[in-house]
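Inspection log for the structure reproduced underneath, given as structure tokens.
The values are calculated or read from the model by the stated rules, or taken from the named source; none is laboratory data. No experiment lies behind these values; they were computed from the predicted model shown. Cβ placement follows ideal geometry from the backbone for every residue including glycine, while neighbour counts extend to all protein chains displayed.
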Amino acid sequence: MAAKKWGHCSVRCFGCNAPVPTEEGTLRTIAVANHKGGVGKTTTAANLAAGLARAGHRTLLVDADAQAQASYFFVDDLAAVEADLQDVIVAHRAPVEVVVRTRVEGLDLLPATLSLAQLDMQLVAMAKREDRVRMGLAPLAERYEFAVVDLAPSLAPLTLSALVAADEIVVPVNPTRFAMLGLGTFLGWVQEYRELDVIHGRLLGILVTMWDGHLRIARQVQATLDELPVRRFESLIPKRTAAEDQAEARLVVGDPGASEDLSAAYSAFTEEVLSLVTEAVPA
Ligand SMILES: Nc1ncnc2c1ncn2[C@@H]1O[C@H](COP(=O)(O)OP(=O)(O)OP(=O)(O)O)[C@@H](O)[C@H]1O
Ligand SMILES: [Mg+2]
């Protein structure tokens, strides 16, 4: 892929989102975020990261959630992980020392540990706290094409800092009433920070996860999303009990034994992401 950094045309513009090239680095950071819990952020981040790597793009999965569930997909012994984003941001450890290889060729992981739970409190006391994730990942800019960041269900300082670092923001949502209420809050929060010129990343789109077209609420949610001035990814991630088994078995898209349905849906979503992030620059 052409090594290029992209920005966004306007901090106020939800609808246009035309990409523009910027000067620094080659790393393109995609944050997977929603402050509502259990909407499929981690499943999406793990599968998107694996999908990008398997499509030939050097990718880093950044686990920015102390629950360490994204790490679980790729690390056999979580108890043996001794460093995480906190070491990079607070202890100024070189991120390359903290990153581990995964079984997926082209995919590395910046894992999480429980101690990451302290980072929100520590960030509060740090100058330029919103910039700290971007600064922490900056030394990796030439090493990877993509960093996919899995975020905790929160609006805490680490979430904000990760969104400030993001070139693109993907918002998974499962089709339930409560998730839709949370989505409005989250999009409003992001928009406020964009208007304050704090978050500059492009809101790439909303991904419907755990989709079951037989449910009335699912169809209502789809219709509501289609009214919003924010892209809804065409790919719908189907609701499958296999997702739970896959998490248990640490399977992601492209792994032998992974659910064909889920793999197909996440592959299509990864292709959508790739085509959006590499779309032509306006003349
Ligand atoms: N397509 C799917 N169909 C059915 N279940 C799913 C699907 N995707 C994810 N799940 C399950 O839903 C639960 C929540 O998913 P996941 O952990 O990815 O969400 P999350 O938004 O990261 O949660 P949290 O906010 O706690 O970090 C998990 O048990 C997961 O296995
Ligand atoms: Mg999660």
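Put simply, of Ala138, Ala147 the only residue that is at pLDDT 95 or above and not in a helix (DSSP H, G or I) is Ala147.
If you go through segment 36-62 and pick out every residue that is near ligand 2 (Cβ under 9 Å from one of its atoms) and closer than 26 Å to Glu97 by Cβ, you end up with 2. Here is the figure for segment 61-113: residues that are out of contact with any strand residue (DSSP E or B) (no Cβ under 6 Å at 6 or more places or on another chain), over 22 Å from Leu163 (Cβ atoms) and either touching a residue at least 60 places away in the same chain (Cβ under 8 Å) or aromatic (Phe, Trp, Tyr) (or both) total 3. Scanning segment 191-229 for residues that are buried (at least 19 other Cβ atoms within 10 Å of the Cβ) and in contact (Cβ under 8 Å) with a residue 60 or more places away in the chain returns Arg194, Ile199, Gly201, Arg202, Leu203, Leu204, Gly205, Leu207, Thr209, Met210. Count of segment 230-245 residues, restricted to those that are surrounded by 14 or more Cβ atoms within 10 Å (Cβ to Cβ) and touching a residue at least 24 places away in the same chain (Cβ under 8 Å), is 10. Can you confirm whether Val88 is in a helix (DSSP H, G or I) and surrounded by fewer than 21 Cβ atoms within 10 Å (Cβ to Cβ)? So Val88 does not fit the description; no. Are any of the residues in segment 146-162 under 25 Å from Ala68 (Cβ atoms), away from ligand 1 (no atom under 15 Å from the Cβ), of a type in the set (S, T, N, Q) and surrounded by 22 or more Cβ atoms within 10 Å (Cβ to Cβ)? Yes; the residues of segment 146-162 include at least one that is under 25 Å from Ala68 (Cβ atoms), away from ligand 1 (no atom under 15 Å from the Cβ), of a type in the set (S, T, N, Q) and surrounded by 22 or more Cβ atoms within 10 Å (Cβ to Cβ).
When the helices (runs of 4 or more DSSP H) confined to segment 178-283 are screened for residues that are farther than 19 Å from Ala33 by Cβ and under 17 Å from the mean Cα position of the chain (by Cα), those reaching at least 3 such residues are found at 260-277.
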